[in-house]
Amino acid sequence: MDRLDETTYPEAPWHLTGTACVSAWRVPARELPPAPRGLAYAALGDNALVLTIWAAYLPGGTLAYNELAVAAVVRGHGMLAPAGTVTHIWVDEERSVAGGHELWSIPKQMGDFVIEPGTGERGFAGQLSVDDQAVASVRFAPNMSLPGQPSASGFVIQQNDCGLLRTRCRGRGRIVTGRAEWNFSATGPLAFLQGRAPFFSLYLRDLQASFGI
């Protein structure tokens, strides 16, 4: 691949490799931005299903960067495959920001990530701040590694000026069960998650993710 400057992003598809900590939450839909036009948030009783994904994409893929994404699962008439819409997302790579906006209408912003030393198989911990203001932190304590490398695929659906943009994505990796402890700034953009606990969390090792396939 030719060397890219900060104003140039790779064309789709992107193939990313690394690790990710994923947690699932129940959040009242009224506390989220409106769902894309024509879609609704998938319901768990009176709540929407929200995922937080803290990923570290490593050299060897299309780009290498850290990311914290918040996505809500959505449903619509005739939709069979799993789908979600990204409500909040930060990365520490300018080309990822540009590509996210231009290719997929994903509202990526720049953030500052700190990963604590001594993580990996013994656990994972990190902090995100924006403009020197804390946004979120997470600490994952592993329990058990599951056999195999299961895969999943679905769509990310974002609303833009032309309507709905559907982007197909796919991922696979080795699953580690465990417990994630999250903390969110009470005055930050993810304050709606502060004080809540995820109902499950997992860590993905040897993650292979493809976006825009």
- Query: Of the residues in the range 88-112, how many are among the hydroxyl-bearing types (Ser, Thr, Tyr) and touching a helix residue (DSSP H, G or I) at 6+ places or on another chain (Cβ under 7 Å)?
  - Reply: 0
- Message: Quick test for you: out of Ala24, Ala43, pick the one residue that is of a type outside the set (D, E, K, R), out of contact with any Gly (no Cβ under 6 Å at 6 or more places or on another chain) and at pLDDT 95 or above.
- Response: Ala24
- Message: Quick check on my filter: what residues within the range 17-46 are more than 30 Å from Gln208 (Cβ to Cβ) and either of a type in the set (A, V, I, L, M, F, W, C) or touching an Asp or Glu at 6+ places or on another chain (Cβ under 8 Å) (or both)?
- Response: Pro28, Ala29, Ala40, Ala43
- Filtering the range 1-18 for residues that are at pLDDT 95 or above and of a type in the set (Val, Ile, Thr) leaves a count of 1
- Residue list for the range 154-170, filter: more than 18 Å from Pro107 (Cα to Cα) and open to solvent by less than 80 Å² (accessible area, probe 1.4 Å): Gly154
- Provide a single number: the residues in the range 148-187 that are free of Cβ contacts under 8 Å to residues at least 24 places away in the same chain and over 24 Å from Ala136 (Cβ atoms). 3
- Task: Identify, by number, the condition in (1) part of a strand (DSSP E or B); (2) surrounded by 15 or more Cβ atoms within 10 Å (Cβ to Cβ); (3) free of Cβ contacts under 8 Å to residues at least 60 places away in the same chain that Val114 doesn't meet.
- Result: (2)
- Note on the structure: Contact list, first residue from the range 188-204 and modelled with pLDDT of 95 or more, second anywhere and open to solvent by 70 Å² or more (accessible area, probe 1.4 Å) and part of a loop (DSSP other than H, G, I, E, B), beta-carbon distance below 6 Å, six or more apart or interchain, is Gln194/Ala186
- Item | Qualifying positions in the range 117-153 - open to solvent by less than 90 Å² (accessible area, probe 1.4 Å) and on the phi > 0 side of the Ramachandran plot | Gly118, Gly120, Gly123, Gly148
- Task: Using the structure shown, decide if Gly173 is part of a loop (DSSP other than H, G, I, E, B) and either open to solvent by 60 Å² or more (accessible area, probe 1.4 Å) or at pLDDT 95 or above (or both).
- Result: no
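The values are calculated or read from the model by the stated rules, or taken from the named source; none is laboratory data. Model, not experiment: these values are computed from the prediction. Cβ: placed from backbone, ideal geometry, glycine included. Neighbour counts: every protein chain shown. Only protein heavy atoms, including side chains, enter the accessible area calculation; ligands, DNA and RNA are left aside. Shrake-Rupley method; radii C 1.70, N 1.55, O 1.52, S 1.80 Å.
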